[in-house]
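This report refers to the structure that appears directly beneath it.
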Amino acid sequence: MNRITAAFQNGKAFIPFLTGGDPDIETTERLIEAMADAGADIIEIGVPFSDPIAEGVVIQEASQRALAVGCTVDQLFDMVARLRGNGVNIPLIFMGYGNSVYGYGAEKFMARCKETGVDGLILPDVPFEEREEFADLLEAYGVTQISMVAPTSRDRARAIAREARGFLYCVSSLGVTGVRTSISDQIGEIIALAREESDTPCAIGFGVSTPEQARDMAKIADGVIVGSAIVRQIAEYGRNSVPIVAEYVKTMKQAVLSQGK
């Protein structure tokens, strides 16, 4: 059993996201350690990219800040290696774009994932139909590619679920990432379809920001993903954001756990 699978064995999972290198690598590292201590089950680390098409303004600006201070893929890999050396054992997943992998060198990228302890990869710009592009390398180096399914994917949800590994990232609404006041009812239907095809856990992301939303999503899913709300806190408080984010993660984890297994 790999770390991602194990993360869903003890109840509903809370999965926070942050952009690597925002406001700097040192703060990102401290944030990840604090989030793990606060109860995060899996952490998604955004690989900063100049044109993040799936992201809203909050995460776009975080990418720009990270790039402006010189954050590189190598720095992120080195950071993960340090975190593993310091006892952070929960799954760590890179969320990025195909161009970042190509630019680094696909095989070198997967080899460094294995070497440093990156468990999985989310590539929003690689369609399900093109998933085979990295499949051999992912398998060779033991990296799990996390598939995404959206409300518009109803006709493809069954096929995507059958091929899903680790967990299925269920996009709660149309459009890009960002805090929302309401979540689409369609997501429950998509999860129901997915569960008819696979027992791979389903985690809901895009738009979740409050404990109330987290509880509602945990009623129908196996995990809840939160990104923009955390990135917004980091943008506001910068290097002083660690205790604020840690407390937020603790609160959100408790909300998710309130829905049991």
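The values are calculated or read from the model by the stated rules, or taken from the named source; none is laboratory data. Quick caveat: nothing in here was measured; it's all calculated off a predicted structure. All Cβ positions, glycine included, derive from the backbone under ideal geometry; neighbour counts span all protein chains shown.
For this structure, a couple of remarks:
- In the stretch 1-35, the residues that are aliphatic (A, V, I, L, M), within 21 Å of Ile59 (Cα to Cα) and part of a helix (DSSP H, G or I): Ile25, Leu31, Ile32, Ala34, Met35
- Filter pass, Thr116 being free of Cβ contacts under 8 Å to residues at least 40 places away in the same chain and of a type in the set (S, T, N, Q): yes
- Residues of the stretch 174-208 that are at pLDDT 90 or above and among the acidic types (Asp, Glu): Glu196, Glu197, Asp199.
- Going through (1) under 24 Å from Gly207 (Cα atoms); (2) under 17 Å from the mean Cα position of the chain (by Cα); (3) at pLDDT 95 or above one by one, Ala66 falls short only on (2).
- Within the stretch 71-103, the set of residues being modelled with pLDDT of 95 or more, within 29 Å of Glu133 (Cα to Cα) and small (Gly, Ala, Ser) comprises just one member, Ala81.
- Residue within the stretch 38-56 that is surrounded by fewer than 20 Cβ atoms within 10 Å (Cβ to Cβ) and assigned to a helix (DSSP H, G or I) present: no
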